[in-house]
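Q: If you scroll down you'll find the structure; I have some questions about it.
The values are calculated or read from the model by the stated rules, or taken from the named source; none is laboratory data. It should be emphasised that the depicted structure is a prediction, and the values quoted were computed from it without experimental measurement. So basically every Cβ, Gly included, is an ideal-geometry build from the backbone, and we count neighbours across all protein chains shown. Ligands, DNA and RNA are excluded from the accessible area calculation, which covers all protein heavy atoms including side chains. Shrake-Rupley method; radii C 1.70, N 1.55, O 1.52, S 1.80 Å.
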Amino acid sequence: MTNSPTILVFDSGLGGLTVLREVVATRPDAHYVYVADDAFFPYGHHSEDEIIARVVPLMGELIGTHDPDLVVIACNTASTLVLSHLRTAYSLPFVGTVPAIKPACAQSKSRRVSVLGTKGTVKREYTKALIRDFAQGCEVTLVGSPELASLAERALGGHPISDDDILAELTPCFVGDAADAGARTDTVVLACTHYPLLLDRLTRLAPWPVDWIDPAPAIARRVSDLLGPAIGGIMQSGAEMIFTSNRVHDLSATLTPFFGGRALA
Ligand code: DGL
């Protein structure tokens, strides 16, 4: 690659920004286009057929308009379903975001791991196969959260969200004997890219301390490996922001803390 590469980062909403920030930090030499399919948000409430019928042609339009060198599907709900369809339909590299079950089970000491994702992600065959292949004897609890992604969007939009609303989604992740660190959940996979946006509150509200597994750094490394060595160039932290709803978002103030004090362009 001789020019700065263009990377298109795609999510149903703003959750993919948690992946974008890691990829930008790893590859500041790239040009970024961030697409939030907010007209169809939340993906977790749509059927598998609806998501495939939505994402595959939309990606074709986005590739036609932006001509990216690589696409990151920064959404577990979509990746666990459409990655194979996208790779069949389009010839450029796609990097997906799927539940980090393998590293979570490898590091759990109590052998109790929970996977917190959308209702769609936790019922996917893809997710069940990850558990079959990589649970390594751990007891894996799948927790399908109906509202947490929407709560994260609301929080980013500057709206107050209550601790009780977050706790209702979080509590089923905490399994076992609360009084015995060796016999209770010690690792929670954040299997939706929206959830790291709420990490401070998840940590504060958790009934006991756990390790939260966010796959974004691993995704950034994978992107960088596929791009090959940086050739210098852009060194910027901005991204062109596209919302499929065409709604105007004023995000700079709420997003700044997530990007090391710099707002996205
Ligand atoms: N950010 C998305 C994910 O990683 C999903 C949110 C949604 O649209 O339901 O699964």
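Q: Could you check how many residues of region 127-146 are closer than 13 Å to residue 191 by Cβ and in a helix (DSSP H, G or I)?
A: Here the count works out to 4.
Q: Right, something else. Can you pull out every residue in region 174-206 that is hydrophobic (A, V, I, L, M, F, W, C), within 16 Å of the ligand (Cβ to nearest atom) and either in contact with a strand residue (DSSP E or B) (Cβ under 7 Å, 6 or more places away or on another chain) or within 20 Å of residue 111 (Cα to Cα) (or both)?
A: Across region 174-206, the qualifying residues are 188, 189, 190, 191, 192, 199, 202.
Q: Let me ask something else. Within region 188-211, does at least one residue satisfy the condition of being more than 18 Å from the chain's Cα centre (by Cα), part of a loop (DSSP other than H, G, I, E, B) and without any contact (Cβ under 8 Å) to a residue 24 or more places away in the chain?
A: Among the residues of region 188-211, at least one is more than 18 Å from the chain's Cα centre (by Cα), part of a loop (DSSP other than H, G, I, E, B) and without any contact (Cβ under 8 Å) to a residue 24 or more places away in the chain, which makes the answer yes.
Q: Related question: Taking only region 123-160 into account, find how many residues are at pLDDT 95 or above and under 28 Å from residue 39 (Cα atoms).
A: 16
Q: Across region 1-37, what is the number of residues that are more than 10 Å from the ligand (Cβ to nearest atom), part of a loop (DSSP other than H, G, I, E, B) and not polar (S, T, N, Q)?
A: So the answer is 6.
Q: Look through region 94-126, keep the residues that are within 10 Å of the ligand (Cβ to nearest atom) and in a loop (DSSP other than H, G, I, E, B), and return whichever of them is farthest from residue 191 (Cα to Cα).
A: Only one residue tops the list, namely 97.
Q: If you don't mind, there's one more thing I want to ask. Give region 143-166 a look and list any residue that's open to solvent by 20 Å² or more (accessible area, probe 1.4 Å) and either among the hydrophobic types (A, V, I, L, M, F, W, C) or away from the ligand (no atom under 11 Å from the Cβ) (or both), or say none.
A: Selection gives 154, 155, 157, 158, 159, 160, 162, 163, 164, 165.
Q: On to the next question. Please pick out the residue among 10, 40 that is aromatic (Phe, Trp, Tyr) and buried (at least 21 other Cβ atoms within 10 Å of the Cβ).
A: It is 10.
Q: Then there's this: Working only within region 218-248, note down all residues that are acidic (Asp, Glu) and touching a strand residue (DSSP E or B) at 6+ places or on another chain (Cβ under 9 Å).
A: 240
Q: Only one of (1) in contact (Cβ under 8 Å) with a residue 40 or more places away in the chain; (2) away from the ligand (no atom under 16 Å from the Cβ) is not met by residue 140, so which one is it?
A: (1)
Q: Contact list please: Cβ distance under 6 Å, first residue in region 157-177 and more than 30 Å from residue 248 (Cα to Cα), second residue among the aliphatic types (A, V, I, L, M) and assigned to a strand (DSSP E or B), pairs at least six apart or on different chains.
A: 172/143; 173/116; 173/143; 173/188
Q: Would you say residue 87 is open to solvent by 30 Å² or more (accessible area, probe 1.4 Å), within 16 Å of the ligand (Cβ to nearest atom) and more than 15 Å from the chain's Cα centre (by Cα)?
A: Judged against the criteria, residue 87 is not a match.
Q: Do you know which of the residues in region 57-84 that are away from the ligand (no atom under 15 Å from the Cβ) and free of Cβ contacts under 8 Å to residues at least 40 places away in the same chain is most open to solvent (accessible area, probe 1.4 Å)?
A: Filtering region 57-84 for residues that are away from the ligand (no atom under 15 Å from the Cβ) and free of Cβ contacts under 8 Å to residues at least 40 places away in the same chain, the one most open to solvent (accessible area, probe 1.4 Å) comes out as 61.
Q: Shifting gears a bit: In region 182-238, what residues are on the phi > 0 side of the Ramachandran plot and among the small types (Gly, Ala, Ser)?
A: 228, 232, 233 - these are the residues of region 182-238 that are on the phi > 0 side of the Ramachandran plot and among the small types (Gly, Ala, Ser).
Q: Limited to region 38-89, what total is found for residues that are touching a Leu at 6+ places or on another chain (Cβ under 8 Å), part of a loop (DSSP other than H, G, I, E, B) and under 17 Å from residue 120 (Cβ atoms)?
A: Looking only at that region, the number is 1.
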